[in-house]
Each structure stands twice: as C-alpha cells, then as structure tokens.
Amino acid sequence: MPVFKVCLKIFRKNWLSVSIYIVIFLAIALLISATSVSERPTTFSQKKARVAFIAEEQTPLVKGFRKELSRSTTIVALPDQSEKLQDALYFRQVTYILRIPKGFTESVLSGGKMQLEKTVVPNSIENTYVDLNVDQYWNLARLYAAHDPGISQNGLASRLRANLSGTTPVVMKTENAAKTSDSFSMFYFNFLAYTLSAVLIMGISTAMMVFRRRDLRMRHYCSPLKQANVTMQLLAANLLFAGASWAVLVGFCFLLDPQSIVTMNMLYFLINSLLFTGCIASLSYLISTVLKSLNAVSAVCNLITLGTCFISGVFVPQEFLNSTVLKIASFTPTYWYVQANTRIAKLTHFSWDHLAPSLYSMLIMLAFTGAFIAIALVIGRRQQATN
Amino acid sequence: MIHVKNLLKRYGDLVALDHLSLDIKEGEIFGLLGPNGSGKSTAINCILSLLSFDKGEIEIFGKKMTPDAYESKRNIGIVMQNVAVFDELTVYENIDYFCGLYVHDKSERKRLVEEAIDFVELGNFKKFHPKKLSGGLLRRLNIACGIAHRPKLIILDEPTVAVDPQSRNKILEGIARLNKQGATIVYTSHYMEEVEQLCSRIAILDKGRVIASGTQEELKAMITLGEKITIEAFSINEQELQQLRELPGVLSVQWIEKRLVIKSGKKAGSLEAVLDFLKTHEIGFGRIYSELPTLNDVFLEITGKQLRD
Ligand SMILES: Nc1ncnc2c1ncn2[C@@H]1O[C@H](COP(=O)(O)OP(=O)(O)OP(=O)(O)O)[C@@H](O)[C@H]1O
Ligand SMILES: [Mg+2]
C-alpha cells in the first residue's frame, strides 16, 4: 500500500496548518464549557424572597404568620422608616415590604376585609411565594375561625402551624436526556461543524493536490499500479484521516463534559457528526479535483467553512437568522447538520416519532455526500479522458 | 523491444508526430536526438500510453502497448523530463516509494534503493527534501526514482538538463553501466555530444519526423562532409580564398577571425592540397585542427539549420 502510506505521511506533514483550527476550537470550547456547565438546573428549590416584615400589631396570629413566613422567605429586619424602606427596596436588600396594619387580625377573623399593605420590586418571581403564603395563612385562619367560633388566637395559631408544617414535594419531570437541550453538548457539536470542515478541507484537499500534480500523475500512470487501485488507496487514507480528526475532536467533548457520554442524545450527536464528517470529506475530495493551487484551496476552505457556518447557524442559532438566509443555507450540508443537532438536543424520548425529524435531516446530509462523490467521479473521469 | 510504426499525433492543427517509425532492439542504447519542440517527449509519452494518438501502432516487449498493459509497465523504468517527486518526502523515501510501486518485498527493496542511491551518488543527501536539493541533484534523484526497480527497459527523457558537466558524465557512465548489466535504454536529448558519446543507434527528429537514423557511422556517412579543417592563418585576400574554394575535395571555405574554416568531402587528400596551396602562395599559418563531422553537421546538412539554435 505505498500510495496509502505516503498519503498518511503527507497528512502528518500538514498537521501543523490543520492543528491551528483545532487549537482555536478547543479554546472556544473551553470558554463555552466554563460558562455553561454551572447553570444546569437539575434540582428544584424555591428561591427565597427577602421580605421586610412590619407589623403594627403583635397578635398571636400575626406572630404565627411571621414564623410561618420565615420558613419560606428570608425576613430582613428593618426599622419602620419609609426612607430606609425605600432604600432597601431600591438596593434590592428586600424585594417585598409587607405591612400588617393595626386591627388586621380582628378584621380577618370577623370575616371583614383582608387588607395588607405591600410594596414590591416589580417582576420578582419569588414575590409570588410571599403572596401565596399570605393568602394561604389568613384564608385558613378565617376558615378555622368560622368553623370553631370559640377558638382562641393561640389555639388557632398552633392549629395553623400543624396544618402548614408539611412541605409539598415537587418532582422534576425530566429525564436524564433533557439535560442536553441548550447544553454544552449542543454548542460543542454545532461548533464542531466549523472545525471539522476546516480541518478536513485543508487536510484532504492539500494532500490530494499533491497526487494531482500532473507530473506525479503521469508518473503513476507509468507504474504497474491500476488507477482504480491508486484511487482506493487515496480514499482509504482520506477516510482514516477524517475518522481520526472526528475521533480527536469528539474525544475532547468527552474530556470537557464527561457526564454527556451517558445520555442517549450523545449517541445521536455522534451519528450525526459522523455523517457530517463523511459528507465534508467527500466535499474536500471534490474541491481537490476542481482547484489547481494550494492558495486557492485555503481561500475556498475559508469561504466554505466560515460562509456556510455563519448562514447555517453554527455561530448564531438558526432561530435568529432570517428566513432568506436559512433558505440559502439549506443548500449546504452544514444547515442540515446543525438542524439535526438542534433537534437531537431537544429530544427526551427516543421513539421513532420523536427521532424522525432528526433522521430526516441526516438523510439529506447523506444525499449531499452522494452528490459530492458522484460529481467528483465525473470530473475525475473527464480529466483522465482529456489528459 | 520497442516497435513504433507510422505514429501520428496531432495537437489541434499542430502535427507533433508525423508518421514516426522507430525500431529499438534489445540491449542497445537508442538515442532520440532533436531540437526543442521536435516531438521527443510526445513520442515517449505516446509510447508509454500516457497520451492518446491519432494513428499508428506501438508494441513493447512484443505486445501491443495500452494504458492497462500492466505487465509491460512493470518492466519499464521511466525518467520523465519534468522532475516527478514528492516534496513532502526525503530523498530516500522518494526512491523507496517509486521502487515500492514495482517491488513489494521489503528487504529486496531496501537493497535496490541503496543501490540506486549509490548509482546517482546521493548518499550524503538521503535525509534531504527535494526542495533543498540543487537542480542537478534533483535531476539525479529523478533518475534514481526511475531506475531503482531494475527494469529491463529504461526510458530517459532529457535526464541531464541543468546538470553540471561532471555529474553529467557520471550519469552517462551510469547509464552505460546499466546497459552493460542488461537493460535496454532509450535516451532523448538535444545535446548531440551526449548522444554521440552514449548511444549505439540514433534517430534524429525534426518537426515530428525522423530525418535520419542508424549508427553514428551510418549517419555520418550519409552526408557529403568528410572533415572540418581549421587553420590559423595571418592574412589572406579574397582572390586567394576563391582559389582555395576551387581546390578538389573542398566544399566550402570561410575566413573568420583569422581562421580558415575549410569543409572537405569524404575523399582523402584535401588537407595536403590546402597546405600546398598556402605554402606556394606564401601565406603564413599557425596551428591546424582537423575535426570529423558531428551529428550537428548531419543535422545541419539535412535540415539546413543548426541543431541548437
Ligand atoms: N499539450 C500540448 N498541447 C499542444 N501542443 C503541445 C502539447 N505538448 C507539446 N506540444 C507541442 O508539440 C510539439 C512537440 O513537443 P515536445 O514536448 O514533444 O517536444 P520535445 O522534443 O520534447 O522538446 P523539448 O526538447 O523542449 O523537451 C511542440 O511544438 C509543442 O509545442
Ligand atoms: Mg521534451
């Protein structure tokens, strides 16, 4: 297999120009992993609101309420001065100021109005829990009082405490898989499209250029090696190079995010990226049959990789791109690769119905691969004939 | 060993090979001599089935030559006019690669590669990359890559372009040695000295046609020129020059930079007649050189132009 071996040697020789892309890729991947891994919500915990609790009366029920409230919120002690309270709100020391007016307890128990004064920071989700607490406690108090008219406030308070002491268990209904949605893996595999394209086009085209040099081609025609044999050896070397590049790049993903290996999504990410690798490898082969000089290769390489990656949503998610751009992008395999990736990332169930859209995108990528190979073969034949 | 009959090759309107016929026998060193653009490389490429041609027959080793005559190709060594080596490989790796296209056995190949390196004397440059070699060394590498597998038939297309005279002689000696060891050689060149020194039979090519072929003696016998005499003379007038031209056996006389250049026919005796003439007319002369005709003279006489213009 002399041709195969020499082809590998040439790959090794060109390694430096290719590794630049890998280094850049890794640097960016590291950045993404550093920022994204930390904010992956896997457990549910109620975020505690910070509340200023101002009570103008200290009835047993108000005291009980304060205790109850302190279980689910952080009560910040503040003096009852409107200026101080405003400042606290402004600087987000608290997001909720709750004032119990004088005669509030009496009004509630007697079935009157339940009028609390509250000042809040708008749009703070945690405040809803405070409102919930208020409603729950005082409505229950009114309910008990109505059912048991003779009950003392102390008795009422202890009953309420017993009733409300339990916590409601909240179960997150997500499986392991959903972790990957908007996750590091998705970013990684999307961005992989850029690096893989650059590495393969640079690597394969430059090596194939060497064998396409007229003098060397003529020299090979003189040898007893069949032309088909030479082509097969070159093809094998290219596939090995593509496979190795893929393995190295994917390997880094596992290093940076070891947990991702166990998910089902990863399996499909891998399949998708492998198909993409094959597609770009055949494109690289095609490029080398068309282009004449190495400078042209690196120019075309940059144009193709950067261009397609931009319009296909590698750098900017597809949902932010305008529909005309996406229409144009759909004529590139990168678009379908990114689309499949995004779809895979959202998968939580792996039944046929859920998988079908992703598989459809992959199928289109396969069609591209076939087309590239066919065109390359036709051009190759024609070149041979005109020689 | 190679049999070419009525080969016609056109590039559009240009007729590159005009009914070319060659017959190259086993064991000889066959020279294909011709000026630039005469069609030497085209002929070689057609013979090797690298180029398609319009008409004609080509046989090598008694078999019709086709693009997939792999058995024949196995026994042919080719040194192309354009250096065909991998810039990415070292000298050793290059020779090993091209040898490996023919010879699969590793230890056998190692021996052959070492022999080829000795042959072109690149022992000190084994680890060099082609880009680091001078033009002459690169040519030698090109030769080594073509002959390492010890083929029965070696075709060399102007292998010594840009090689200094010393290395050129080494290469020519080497080729003669390969021939002694049993290889048939086809050698193209536009240097007549090389061809004259090396080849046992020669075909002279011009505008795609063989204008003459045979051994050197046969070629030189074809022309009227027998001897070229150069005499350093001090002065001579136009009348005396005219009288010299009329001497028997003298074909032409030129007076260039105090030298008389006299071309004479095949019959002996012209030199004596000339010297007698100079003495009787008391024309002083110095050194005398006599040259036998070269292939350039053959080419000149047949085509009316210099081989190297
Ligand atoms: N690919 C081609 N297309 C058109 N014309 C060509 C082509 N190759 C060669 N020729 C022409 O054919 C003629 C013979 O060329 P060829 O290369 O065989 O000459 P040569 O004897 O090898 O010359 P040199 O000593 O310069 O190598 C030339 O006139 C050349 O211009
Ligand atoms: Mg030539």
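The values are calculated or read from the model by the stated rules, or taken from the named source; none is laboratory data. Quick caveat, the model's predicted, so the values are computed rather than measured. Cβ sites come from the backbone with ideal geometry, for glycine too, and all protein chains shown count toward neighbours.
Among the conditions (1) more than 26 Å from the chain's Cα centre (by Cα); (2) more than 11 Å from chain A (Cβ to nearest Cβ); (3) not β-branched (Val, Ile, Thr), B:Leu122 misses just one, which is (1). Out of the residues in region B:53-67 that are surrounded by 13 or more Cβ atoms within 10 Å (Cβ to Cβ) and among the β-branched types (Val, Ile, Thr), state the one that is nearest to ligand 1 (Cβ to nearest atom). Checking each candidate, the answer is B:Ile58.
Take the conditions (1) in contact (Cβ under 8 Å) with a residue 60 or more places away in the chain; (2) away from ligand 1 (no atom under 16 Å from the Cβ); (3) among the polar types (S, T, N, Q); B:Asn94 misses just one of them, which is (1).
Restricting A:Ala228, A:Ala207 to residues that are within 26 Å of B:Leu50 (Cα to Cα) and surrounded by fewer than 17 Cβ atoms within 10 Å (Cβ to Cβ) narrows the list to A:Ala228.
Of all residue pairs spaced 6 or more apart or on separate chains, none has beta-carbon atoms under 9 Å together with a first member in region B:37-57 that is not assigned by TED's automatic domain parsing to the domain that holds B:Glu158 and a second member that is within 12 Å of ligand 1 (Cβ to nearest atom). Take B:Thr188 and tell me if it is in contact with a strand residue (DSSP E or B) (Cβ under 6 Å, 6 or more places away or on another chain), away from chain A (no Cβ under 14 Å) and within 13 Å of ligand 1 (Cβ to nearest atom). Judged against the criteria, B:Thr188 is a match.
Evaluate the following for B:Ile256: is it of a type in the set (A, V, I, L, M) and touching a helix residue (DSSP H, G or I) at 6+ places or on another chain (Cβ under 7 Å)? Here the answer is no, as B:Ile256 does not meet what is asked. The residues of region B:231-258 that are touching a residue at least 12 places away in the same chain (Cβ under 8 Å) and under 13 Å from B:Leu278 (Cα atoms), listed by number, are B:Ile231, B:Glu232, B:Ala233, B:Phe234, B:Ser235, B:Ile236, B:Glu240, B:Leu241, B:Gln243, B:Leu244, B:Leu247.
I need the full set of residues from region B:39-61 which are among the hydroxyl-bearing types (Ser, Thr, Tyr) and either at pLDDT 90 or above or over 17 Å from B:Val15 (Cα atoms) (or both), in order please. First the steps, then the outcome.
Restricting attention to region B:39-61, the residues satisfying the condition of being among the hydroxyl-bearing types (Ser, Thr, Tyr) are B:41-42, B:49, B:52.
Selection gives B:Ser41, B:Thr42, B:Ser49.
Set side by side, the residues A:Ile24, A:Ile10 differ, and just one is assigned to a helix (DSSP H, G or I), surrounded by 15 or more Cβ atoms within 10 Å (Cβ to Cβ) and either at pLDDT 80 or above or more than 14 Å from every other protein chain (Cβ to nearest Cβ) (or both), which is A:Ile10. Within region B:53-75, the set of residues being within 13 Å of chain A (Cβ to nearest Cβ), under 26 Å from B:Asp206 (Cβ atoms) and of a type in the set (Val, Ile, Thr) comprises B:Ile60 only. Here the condition is being more than 15 Å from ligand 1 (Cβ to nearest atom) and either under 24 Å from B:Leu48 (Cα atoms) or more than 14 Å from every other protein chain (Cβ to nearest Cβ) (or both); of B:Lys170, B:Lys207, it holds for B:Lys170 alone. Counting only strands (runs of 3 or more DSSP E) that sit wholly inside region B:102-218, those with at least 3 residues that are out of contact with any helix residue (DSSP H, G or I) (no Cβ under 7 Å at 6 or more places or on another chain) are B:209-214. Looking at B:Tyr102, is it more than 16 Å from ligand 2 (Cβ to nearest atom), closer than 22 Å to B:Thr184 by Cα and exposed (fewer than 15 other Cβ atoms within 10 Å of the Cβ)? Judged against the criteria, B:Tyr102 is not a match.
Within the bounds of region B:28-46, is there any residue that is over 21 Å from B:His190 (Cα atoms) and either crowded, with 20+ Cβ neighbours inside 10 Å or of a type in the set (Gly, Ala, Ser) (or both)?
no
In region A:326-351, the residues that are part of a helix (DSSP H, G or I) form Cβ pairs under 8 Å with partners that are charged (D, E, K, R), at six or more places apart or across chains, as follows: A:Ala345/A:Asp182. Of everything in region B:1-21 that's exposed (fewer than 14 other Cβ atoms within 10 Å of the Cβ) and away from ligand 2 (no atom under 16 Å from the Cβ), which residue is farthest from B:Asn75 (Cα to Cα)? The residue in question is B:Asp13. Against the numbered list (1) within 16 Å of ligand 1 (Cβ to nearest atom); (2) surrounded by fewer than 20 Cβ atoms within 10 Å (Cβ to Cβ), B:Glu71 comes up short only at (1). Sub-6 Å Cβ pairs linking a first residue in region A:242-261 that is at negative phi and not assigned by TED's automatic domain parsing to the domain that holds A:Leu26 to a second residue that is surrounded by fewer than 20 Cβ atoms within 10 Å (Cβ to Cβ) and assigned to a helix (DSSP H, G or I), at least 6 apart or interchain, number zero. Screening B:Lys106 on (1) more than 25 Å from A:Phe11 (Cβ to Cβ); (2) without any contact (Cβ under 8 Å) to a residue 24 or more places away in the chain shows it passes everything except condition (1). Given the criteria in contact with a strand residue (DSSP E or B) (Cβ under 8 Å, 6 or more places away or on another chain), modelled with pLDDT of 90 or more, within 11 Å of another protein chain (Cβ to nearest Cβ) and closer than 30 Å to B:Ser134 by Cα, does B:Ile78 qualify? Yes; evaluated as a whole, the condition is true for this residue.
Scanning region B:1-52 for residues that are assigned to a loop (DSSP other than H, G, I, E, B), more than 12 Å from ligand 1 (Cβ to nearest atom) and either within 14 Å of another protein chain (Cβ to nearest Cβ) or out of contact with any Phe, Trp or Tyr (no Cβ under 7 Å at 6 or more places or on another chain) (or both) gives B:Lys25, B:Glu26, B:Gly27, B:Glu28, B:Leu48, B:Ser49.
The set of residues in region B:71-86 being more than 16 Å from ligand 2 (Cβ to nearest atom) and over 21 Å from B:Glu26 (Cβ atoms) consists of B:Val85, B:Phe86.
Restricting attention to region A:319-375, the residues that are of a type in the set (Phe, Trp, Tyr) and touching a His at 6+ places or on another chain (Cβ under 8 Å) add up to 0.
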